[in-house]
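Data block below; observations after.
The values are calculated or read from the model by the stated rules, or taken from the named source; none is laboratory data. Since we're looking at a predicted model, the values are computed, not measured. We place every Cβ from the backbone using ideal geometry, glycine too, and count neighbours over all the protein chains shown.
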Amino acid sequence: MNKAREIREMSDEQIRLVWKDAAESLFKLRVQAQKEKLAAPTEIRNSRRLIARCQTILAERERARQQASSSAASTATKS
């Protein structure tokens with residue numbers, strides 16, 4: 001589920017859930033890292049990257065919505 005292509009196929013709500021789960025996982029990993037040595041230290045990096053992917057895809061979609069609404073508004077005013 002870490003691939004951007006798989007995330008892009010999800011709905012916004014599903015992406016937000018993945019983001020939330022990754023954020024919770026990252027928090028737990030950071031706490032665990034403070035208490036003891038992690039078995040897989042790369043999990044922290046993977047969680048951060050998954051969160052970044054989710055944020056990026058949601059931002060791209062929001063930007064596309066804004067552009068679509070602004071172009072629709074400008075088309076309506078030209079008529």
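What the table shows:
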read-out	value
Long-range neighbours under 7 Å by Cβ, at least six apart or interchain, first residue under 24 Å from residue 3 (Cβ atoms) within region 22-46, second in a helix (DSSP H, G or I) and small (Gly, Ala, Ser)	22/47; 25/47; 26/47; 29/47; 44/33
Condition broken by residue 47, with the remaining ones in (1) out of contact with any Leu (no Cβ under 6 Å at 6 or more places or on another chain); (2) of a type outside the set (Val, Ile, Thr); (3) part of a helix (DSSP H, G or I) satisfied	(1)
Members of region 42-64 found to be more than 12 Å from the chain's Cα centre (by Cα) and among the β-branched types (Val, Ile, Thr), listed by number	42, 44
Condition check for residue 37: modelled with pLDDT under 95 and not hydrophobic (A, V, I, L, M, F, W, C)	yes
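Each row is one residue, and each column tells you yes or no for (1) assigned to a helix (DSSP H, G or I); (2) of a type in the set (S, T, N, Q).
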site	(1), (2)
10	no, no
23	yes, no
29	yes, no
51	yes, no
62	yes, no
65	yes, no
71	yes, yes
77	yes, yes
